[in-house]
Amino acid sequence: MMGNKVHWEHIYNTKDAREVSWFQEHAAQSIQLIKNSGVNLNCQIIDVGGGASTLVDDLLDNGFSGITVLDISGAAMRRSQERLGQRASQVTWLEADITQAELEANFYDVWHDRAVFHFLTNEMDRVAYVRAVHRCVKSGGHIVVASFGIGGPEKCSGLNVMRYSAESMHREFGDEFELVDTTTELHHTPFGTDQQFIYCYCRKT
């Protein structure tokens, strides 16, 4: 996965954040699922691959305070930091490959990922990712993972991707996580095309 760092730095150094297919003005579905989890505003939330995402803006707007954004691309995170201005200091920023990152154990109440997991086409990368989730999410904590659905594209940003149903996504994480809710979203890209996303919300038992 780390070999893709050059790829993602190039993307965010050469394109505006609004010019990528996964851009959302607001992360409405993610915010709703996080709110539905019942966590308090002081909980610890990590947004994996959230470099240039507007989820951090929405979380701050909703009063959440313990926010960490992790991304393999420093350029992507700088986009968000510039957009947030002084508010960027309220967020913890981690430039790392999630399959190799050393995160604090049993620390996060919510693990959020929109559009990272489906890029992990190598099984060992997925195993490393899931191992990080198991290690870092508190007992009783929550994960919200969104990836391309079965009807989604087979490639994104020039890279091959995995596509999931709710059931196949849940299987990746195992019985330690209870599948609580799932929803399908038709994401309208800035280019006028549609992409099917599947959102899975699970609770760590």
*Looking at the chain from every direction and averaging, what is the projected area of its Cα convex hull in nm²?*
10.0
*asked:* Taking a virtual spin label 7 Å from the Cα of residue 135 along the C-beta vector, which residues in the range 71-108 bring their backbone nitrogen under 13 Å of it?
replied: 97-107
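Taking Rh as the Kirkwood radius computed over C-alpha pairs, what is the Stokes-Einstein D of the range 103-147 at 4 °C in a medium of viscosity 1.567 mPa s, expressed in µm² per second?
On the way: Rh = 10.9 Å.
The calculation lands on 119 µm²/s.
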*Quick one: what Rg and Dmax do you get for the range 60-115 from the alpha carbons, in Å?*
11.8, 31
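Using C-alpha positions alone, give me the convex hull volume of the range 49-149 per residue in cubic angstrom. Please report the intermediate quantities before stating the final value.
On the way: hull volume 10.7 nm³, N = 101.
So the per-residue hull volume is 106 Å³.
Just add up the charged neighbours of residue 98: K/R +1, D/E -1, any other residue whose Cβ is under 15 Å from the Cβ of residue 98.
Value of the local net charge: -4.
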_the range 122-178: radius of gyration and largest Cα-Cα distance (Dmax), Å_ = 12.5, 37
*So for the range 137-186, taking the charge dipole from beta-carbon charges (+1 Lys/Arg, -1 Asp/Glu), which of 173, 159, 147 sits furthest toward the positive end?*
159
*asked:* On a full-extension model of 0.36 nm per residue, what is the gain between residue 105 and residue 124, subtracting their alpha-carbon distance, rounded to one decimal in nm?
replied: 4.8 nm
*May I ask which residue of 80, 54, 200 lies farthest towards the positive end of the charge dipole of the chain, with charges of +1 (Lys, Arg) and -1 (Asp, Glu) on Cβ and the Cα centre as origin?*
80
*For the range 77-186, run through the GluC sites (Glu not before Pro) and keep only the ones in DSSP coil with at most 14 other Cβ atoms within 10 Å of their Cβ.*
102, 104, 154, 176
_Estimated 222 nm signal from helices in the chain, with DSSP H stretches of n ≥ 4 weighted -39500 (n - 2.57), rounded to 500_ = -8500 deg cm²/dmol
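We did not get these values from a lab; they are worked out from the coordinates using the rules stated. All values reported here derive from a predicted model rather than from experimental measurement. All Cβ positions, even for glycine, are placed from backbone atoms using ideal geometry, and neighbour counts span all protein chains on display.
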